[in-house]
Amino acid sequence: MDEKRSINLTIDGIPMNLIIQASEEEIVRKAAKEINERVSKYKSGYTEPESFYFLAYATLQYAIKAMQQEQKLEEIEKISSKLDEYIKTE
């Protein structure tokens, strides 16, 4: 059984204390790093006065990517199902 671990992160200056599975620590830290990099990129290119705008931009971009991946996975599952049906009829 995977142990739980408490980690501290900072996203756009906001401190966060999370309790996660030890096996997820690397990916959680990587995700936080990518969000911080994306927010910094937006801050350098846009002039919105509040930090939450940049967090919203970064969140939207990652949500879009996640939904696109889900859509691709659904398409792959449909193709796989059709292949299984084809193989069964042969």
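Values in this text are rule-based calculations from the coordinates and carry no lab data. Just so you know, these numbers come straight off a predicted model, no measurement behind them. Reconstructed Cβ throughout: ideal geometry from the backbone, glycine too, with neighbour counts over all protein chains shown.
Which angle between 0 and 90 degrees, to the nearest 10, do you get for helix 51-89 versus the longest principal axis of the chain when only C-alpha atoms count?
10
Under a crude label model (7 Å from the Cα following the beta-carbon direction), how far is Gln71 from Ser40 in nanometres?
3.1
Using unit Cβ charges (K, R positive; D, E negative) and no other charged atoms, how large, in debye to the nearest 20, is the dipole of segment 1-73 about its Cα centre?
Here the size comes out at about 180 debye.
Sort 76-84, 4-12 by packing, meaning the average of other beta carbons within 10 Å per residue, with the highest value first.
Listed from highest to lowest mean packing, they are 4-12, 76-84.
What lysines could a cross-link reach from Lys65, if we take a straight Cα to Cα line under 27 Å and drop same-chain neighbours fewer than 8 places away?
Lys65 reaches Lys30, Lys33, Lys41, Lys43, Lys78, Lys82.
Sketch the reach of a paramagnetic label on Phe52 as a point 7 Å from Cα along Cα-to-Cβ, and name the residues of segment 3-35 whose backbone nitrogen lies under 16 Å away.
What the label zone holds, given the 16 Å backbone N cut-off, is 12-15.
Rounding to the nearest 10 and keeping the result within 0 to 90°, find how far the Cα-based axis of helix 25-45 lies from the longest principal axis of the chain.
Helix 25-45 sits at roughly 60 degrees to that axis.
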